[in-house]
Structure formats: C-alpha cells, structure tokens
Amino acid sequence: MDDLLLLVHRIPYPPNKGDKIRSYHLLKHLAQHYRVHLATFVDDDDDWQHVPRVQALCASSHFARLNPRLARVRSLGALLANRSLSLDYYRDAGLARWVAATVRDKAIKRVLVFSSPMAQYAGVPGARCVVDFCDVDSDKWRQYADKKAWPMSALYAHEARQLLRYERKVAAASDAALFVSRPEAELFKQLAPEVAAKTGFFNNGVDTEYFSPDPATPTPFRAGEQALVFCGAMDYWPNIDAVTWFAREIFPAIRARHPQALFAIVGARPAPEVLQLAALPGVLVTGTVPDVRPYVAHAAVCVAPLRIARGIQNKVLEAMSMGRTVVVTPQALEGIEALPGRDLLLAEDGEAVGARVCAALASPDAAMGRAARDLVERLYGWSSNLAPVVSLLEQGTPERKTWNQA
C-alpha cells in the first residue's frame, strides 16, 4: 500500500454531524487503499475519547487541540491582514511541523484535503492532491451576512469575500476540486469558472444497516403523541434558525389542528435560543441523546425546515433511510435526487410546510416511506459514492503550487 496524507479540520469521529459523517466514511474508505497519515483538530473535549478509534484506521496520526473560543479571537487578526478568518482559525504550528516531518519521512505522493482551510498544510511538491471542499463555505458566509445585522453582517461579508478568494486559489492549485453534490459543484463553477474543468462532486452516503426501519425500537414518546422530529447539531446557526422559525411561526397552527402534535428538537449542544423553545406548548428540546434512531423511528413526520443550507442534508437522507415521511424546504432538498410527492414532501414557504405536515398527520403514507428507503439504497451507498475519489488520487502527478498564503 502507498502512503497518503489526509488533512481534516475536525476529528472524523463520532459521525454525529454532517462533516464528520462524510470525513469518517472517507477515512474508512481510504484506509482500505492506502497507509493513511492523518492530521486533524479536536475542538470538543468529549471527542478525545474517540482518538484511539481513529488511530486504529491510520498508519500515523496527529491530533491538535483547538479551543474554539480562543481560535475565534485569534482569527480576528485576519481582518487587519485582509485574509480569511478561517485560515487563522485553523492555523497551528505543531500540526504544520508534524505534516512537514511526515511528508519528508514518508515521501508522500498523494494528499487528500478535507475542507479548504486545511489546504494551508498541503504544499507537497510533486504530490497528487485532491481537495474535498464539501460545501461552498464562502457562500454560507454570504448567506449569514444577508441574514444578520451590522456589525456581524460586515464580518461575515468579509469572510465570504476572502474565503472565496482562497477557495479559488486552492482549486487552481489542486488536481481535483470536489463537492458534496452537483448543485454545490455547479455553484462553484459559476464562482470560479477558471477551474470548472477540474471541479466535480461525490454524494454523501448513508449507513443503511444502521439507519434502517425498525418498528420494534422502544418509543421515546408518550402514547398518543404525534411527533414531528428535527435532528441536528443545535449549536449550528442554520439549524437554530430552522427550529426557531418552525416552533414559533409554523408549529402553533399545526398544533391547533392536531393537539397531540409534539415538536421534538433532537440534538447536542442546544443554543440558549433553542433551549427557550422548550417553554412553548408542545415543544421538546432533548439535548444530547445516546441514539437519535428511536426518535426518528417513531416520528410521525421528520421535518427539515431549513432556510439556510449548503450541501446535502444528512438528516434528510437518514430519515428517508429509516422509511419516514420527510417534509423539506427547497434548501434542505438541494443535492438530493428525490422526487417530491413520491419520496418526500416539498414545501416552498412556512404556510406550505404547515400544510404538508398536517396532511401527513391526517393521512400517513406508508408507500412514501418505502419509496424513500428504496431511493437511499439505490443512490446513497458509501462504497460506490467514494470510489471516484481513489480514481482521482491514482491519476498523474503534475507539479504542485503553494497554497499556504491567503
């Protein structure tokens, strides 16, 4: 087996949020083909317990401690230097030294970068390099700027501009620039037309054995409750925005028609504004749970009322894999090859979200759940979706450029 350097911005385990689901399965797949040398950050103290599990998949590894609060403060220096805050956020001298030593000692000829800020460590002369941007992160910051008031809007607009500049530079210096879905790749081609020829995507997958329909699972809900379930990391602003909008502006009308309706917000680290929603009638905020599957398995409807989104929503695919009826907004559907009305329910605005949920509660459609499960089994297997990554890594090795300047 050949050696490969894998650079990931967050420890790829446990697979409990979008980027970690993708990076974990990517690591597992690469470990079947290469001796993987992993450099990554740990930004949650709870994740240190998972280091041995990740190490077992690697030939060598380096885990750099990252304090999110200190990193945010440190990254503000990028404002004065007119560069991306994200690069300074993930800048670490110890990780850089480890990468340099590994590249020298192992004569690295293949590099996989996961998330654009990690490209600052990837200037390996003569190596074949593939970058998995996942999402067009610069556009996420642009959306934030559009939604937030000054001064945060100005900060986010700065990051959108500077990060896009860096994303274009990274893509130009790479051998392949990959994204999580066709729409993300097409968006980047519009923003960076000079690299359109090397821009592509590979879809996320679902562990269909783990996320499978299992009606025998004990229910976490009380008898008679009609649970509307949202799953996600509840310190992530697009998720915070989604559940706040649904709980305050959509759910009251649903509950008026279906008094047994319960809106269950399932996910770790709920922000203060999410915790406040628990005071509303019929709203449950669980915080961290050992397993989200019982909540999804016994959901009358799974909801994904996202107004801000980038890439594929794993929460939607996992609910579909478990055979649930899912109500999504267009933002939550982006990149998922599902047919509205057959595989899930699409709602363009808040009023339509409420109407779709009420219709699903009044007339449950088991056929839709079966269609959703079938779609996931056909299109979203990890092994087949990851195969192109190895093919790209095995192609030629043109000269590298340097990416470590914003």
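Conditions tested, residue by residue: (1) touching an Asp or Glu at 6+ places or on another chain (Cβ under 9 Å); (2) free of Cβ contacts under 8 Å to residues at least 60 places away in the same chain; (3) over 20 Å from ALA360 (Cα atoms).
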{"position": "GLY224", "(1), (2), (3)": "no, yes, no"}
{"position": "ALA233", "(1), (2), (3)": "no, no, yes"}
{"position": "GLN260", "(1), (2), (3)": "yes, yes, no"}
{"position": "ALA268", "(1), (2), (3)": "yes, no, yes"}
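For ASN82, only one of the following conditions fails: (1) surrounded by 20 or more Cβ atoms within 10 Å (Cβ to Cβ); (2) at positive phi. What is its number?
Here ASN82 meets the rest and fails (1).
Identify the residue in the stretch 160-219 that is among the polar types (S, T, N, Q) and part of a helix (DSSP H, G or I) and, among all such residues, is nearest to HIS298 (Cα to Cα).
So the residue we want is GLN190.
For the stretch 131-159, name all the residues that are buried (at least 22 other Cβ atoms within 10 Å of the Cβ) and not in a helix (DSSP H, G or I).
The answer is VAL131, ASP132, PHE133, CYS134, ASP135, VAL136.
Considering only the stretch 64-80, I want to know if a residue exists there that is touching a strand residue (DSSP E or B) at 6+ places or on another chain (Cβ under 8 Å), assigned to a helix (DSSP H, G or I) and among the β-branched types (Val, Ile, Thr).
No, the stretch 64-80 has no match at all.
Go through the stretch 27-54 and give me each residue that's charged (D, E, K, R) and touching a Leu at 6+ places or on another chain (Cβ under 6 Å).
Across the stretch 27-54, the qualifying residue is only ASP43.
Can you find a residue that is in contact (Cβ under 8 Å) with a residue 12 or more places away in the chain and farther than 18 Å from ALA185 by Cα anywhere in the stretch 136-146?
So far as the stretch 136-146 goes, yes, one or more of its residues are in contact (Cβ under 8 Å) with a residue 12 or more places away in the chain and farther than 18 Å from ALA185 by Cα.
Collect the residues in the stretch 306-328 that are within 16 Å of ALA359 (Cα to Cα) and in a loop (DSSP other than H, G, I, E, B), keeping them in residue-number order.
Of everything in the stretch 306-328, those that are within 16 Å of ALA359 (Cα to Cα) and in a loop (DSSP other than H, G, I, E, B) turn out to be ARG324, THR325.
Return the residue satisfying two criteria in turn: it lies in the stretch 372-390 and is among the aliphatic types (A, V, I, L, M) and surrounded by 19 or more Cβ atoms within 10 Å (Cβ to Cβ), and of such residues it is nearest to MET320 (Cα to Cα).
ALA372
Taking the stated definitions as given, is VAL326 over 21 Å from GLU209 (Cβ atoms), touching a helix residue (DSSP H, G or I) at 6+ places or on another chain (Cβ under 7 Å), in contact (Cβ under 8 Å) with a residue 12 or more places away in the chain and β-branched (Val, Ile, Thr)?
Taking the combined requirement at face value, the residue does not satisfy it.
Being surrounded by fewer than 18 Cβ atoms within 10 Å (Cβ to Cβ), over 21 Å from the mean Cα position of the chain (by Cα), at pLDDT 95 or above and not assigned by TED's automatic domain parsing to the domain that holds GLN313 is true for just one of ASP105, ASP175. Which residue is that?
ASP105
Output the residues belonging to the stretch 218-244 that are over 15 Å from the mean Cα position of the chain (by Cα) and either of a type in the set (Asp, Glu) or farther than 20 Å from GLU318 by Cα (or both).
Hits for the stretch 218-244 are ARG222, ALA223, GLY224, GLU225, ASP241, THR244.
Contact list please: Cβ distance under 7 Å, first residue in the stretch 308-321 and farther than 19 Å from ALA366 by Cα, second residue part of a loop (DSSP other than H, G, I, E, B) and hydroxyl-bearing (Ser, Thr, Tyr), pairs at least six apart or on different chains.
GLY311/SER181; ILE312/SER181
Yes or no: GLY282 in contact with a Phe, Trp or Tyr (Cβ under 7 Å, 6 or more places away or on another chain), more than 21 Å from GLY18 (Cα to Cα) and at pLDDT 95 or above?
yes
Considering only the stretch 331-353, state which residues are β-branched (Val, Ile, Thr) and over 19 Å from SER321 (Cα atoms).
The one that is β-branched (Val, Ile, Thr) and over 19 Å from SER321 (Cα atoms): VAL353.
The values are calculated or read from the model by the stated rules, or taken from the named source; none is laboratory data. Bear in mind that the values here come from a model prediction, so they are computed numbers and not experimental data. Cβ atoms come from the backbone with ideal geometry, glycine included; neighbour counts cover every protein chain shown.
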